[in-house]
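Structure first, commentary second.
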Amino acid sequence: MLVIVDYGVGNLFSLSSSLKFLGVETKISSDPQDILSADRIILPGVGAFGDAKAKLDATGLVPVIKKAVDNGTPLLGICLGMQMLFEKSYEYGEHEGLGFVKGYVKDLKSDLDKNGYDYKVPEMGWNSLKFCNESPLFKYIKEGDYVYFVHSYHAVSCSESLIATTQYGIPVTAAVQCKNVYGAQFHPEKSGEVGLKILKAFCEIDRG
Amino acid sequence: MITKRIIPCLDIRDGRVVKGKNFQGVQDVEDPVELATFYNAEGADELVFYDITASVEKRPLFTDVLERVASKIFIPLTVGGSINEVSDFERVLSSGADKVSVNSGALKNPKLIEESAKKYGNQCVVLSMDVKRVGGEYHVFSKGGRVDTERNALEWAKWGEDHGAGEIVLNSIDTDGVKNGFDLEMLRDLCNVVTIPVIASGGAGKIEDFSELFKIKGVDAGLAASIFHFKEVKIRDLKEYLDKKNIPVRL
């Protein structure tokens, strides 16, 4: 059973229907028992980091997710869910993340400005992946495949866990992996065939 | 590099895709799920669904279409039409929409933009505007382009951006239906005042109209309906053409 962590953030329709489309048995749940017994966990998320993290904290699930990860359960964070895997975020203040992946999250705009790119923020649309490291997440896709992004903040100082970037003037963190913890800044559930292949690959990763 | 997006738009009435011809009569075109599946296979980057169902009683037919499409097609889906309050966002988002476009509803109640952006995030709120030149100024029209609100379009766009809109769809009434190209002048003027993504609508008649469109810095996407529905332009051919012109597209 794959469990999508339900903490009242975001629209889970596409994520659950894409998993259903792949034939994956899925449960949207906030029950600690479900999370501890899950074969795989997905942490979704949209909106602002502070709000989402406060909601996740309020569910009391943070220690439960940490325990599941310690037990080797594969975890995939998507979009804001990926950003929460890091140590910290500086989105409207300073917020503590889950700390599974080394690095922090900061605004994209100032880094684009600093490098002389007047690109739009949020980065919204389809952009291609450049692989930095091998990962079982990419089993069925190839470098240069397009995925769908919507984000205004990005993860930095995470070279150890970086598995893919996307070029938006500057190289932007697109996917990370640290042992059994995976993160995608883009939305695999909105990235057509390529996204389905990424979800399929995640659903084949076994407890490490 | 982020790509330019090609977006077919489907008008849905009573659960079917329709496209009016010359503003009179309505032609039944196709089953929405079949057409959406076709566009997805052709390489459409997103799909827009406008609910033009006239009666509230038949509204579930629309959400049913949405659910059926969203269970099969995993690209961004935007829904517009009949979005007047925050609860309308909930109704379509829970049926599989990713973004919601507001038009007349936001003109009537501008707070809708801010309230929905706060609740669902800016990325979810698309401000759609029907704009026409009136006495040398751009005016926003409401009720499907029928009523002149006398509101300045560029000011309205900027206001929308400042209050939480994450994207803007500019539909030029002046070029809509003429099939002689997008309203490049109006789009250029809009792109000078907003920094959020701009989707151009109204006027696409041939493949070259899109390469002209994407010469404008600040235009992120081109939206069209009839030329795609009637297969006058195939999305796959269009994207291959743009690629040859060195315009970044997802192939």
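I'd like to check something: does segment A:169-191 contain any residue that is at positive phi, in a helix (DSSP H, G or I) and at the interface with another protein chain (Cβ under 9 Å from one of its Cβ atoms)? No. Based on what the data block shows, is A:GLU87 part of a strand (DSSP E or B) and either over 21 Å from B:LEU93 (Cα atoms) or within 14 Å of another protein chain (Cβ to nearest Cβ) (or both)? So A:GLU87 passes the test. Taking the criterion of being at positive phi and either aliphatic (A, V, I, L, M) or outside any strand (DSSP E or B) (or both), the residues of segment B:124-150 that qualify are B:GLY135, B:GLY136, B:LYS143, B:GLY144, B:GLY145. On the basis of being more than 14 Å from chain A (Cβ to nearest Cβ) and outside any loop (DSSP other than H, G, I, E, B), does B:ASP243 make the cut? Judged against the criteria, B:ASP243 is not a match. I'm trying to understand the selection: among the residues of segment A:128-152, which are within 12 Å of chain B (Cβ to nearest Cβ), part of a strand (DSSP E or B) and surrounded by fewer than 21 Cβ atoms within 10 Å (Cβ to Cβ)? Within segment A:128-152, A:SER128, A:LYS130 qualify. Which of the following residues is surrounded by 21 or more Cβ atoms within 10 Å (Cβ to Cβ) and closer than 26 Å to B:VAL100 by Cα: B:LEU184, B:LEU242, B:LEU223? Unique residue meeting the criteria: B:LEU223. Remark: B:GLU212 matches the filter, which requires a residue to be acidic (Asp, Glu), surrounded by fewer than 23 Cβ atoms within 10 Å (Cβ to Cβ), in contact (Cβ under 8 Å) with a residue 24 or more places away in the chain and under 25 Å from B:ARG236 (Cβ atoms).
On the basis of being without any contact (Cβ under 8 Å) to a residue 60 or more places away in the chain, surrounded by fewer than 23 Cβ atoms within 10 Å (Cβ to Cβ), of a type in the set (Ser, Thr, Tyr) and touching a strand residue (DSSP E or B) at 6+ places or on another chain (Cβ under 8 Å), does A:SER110 make the cut? Taking the combined requirement at face value, the residue does not satisfy it.
If you check B:VAL198, B:VAL233 for being within 18 Å of B:TYR138 (Cβ to Cβ) and not small (Gly, Ala, Ser), only one passes: B:VAL198.
Rule-based calculations on the coordinates, nothing more; no lab input. No experiment lies behind these values; they were computed from the predicted model shown. Note that we place each Cβ from the backbone using ideal geometry, even for glycine, and neighbour counts take in every protein chain shown.
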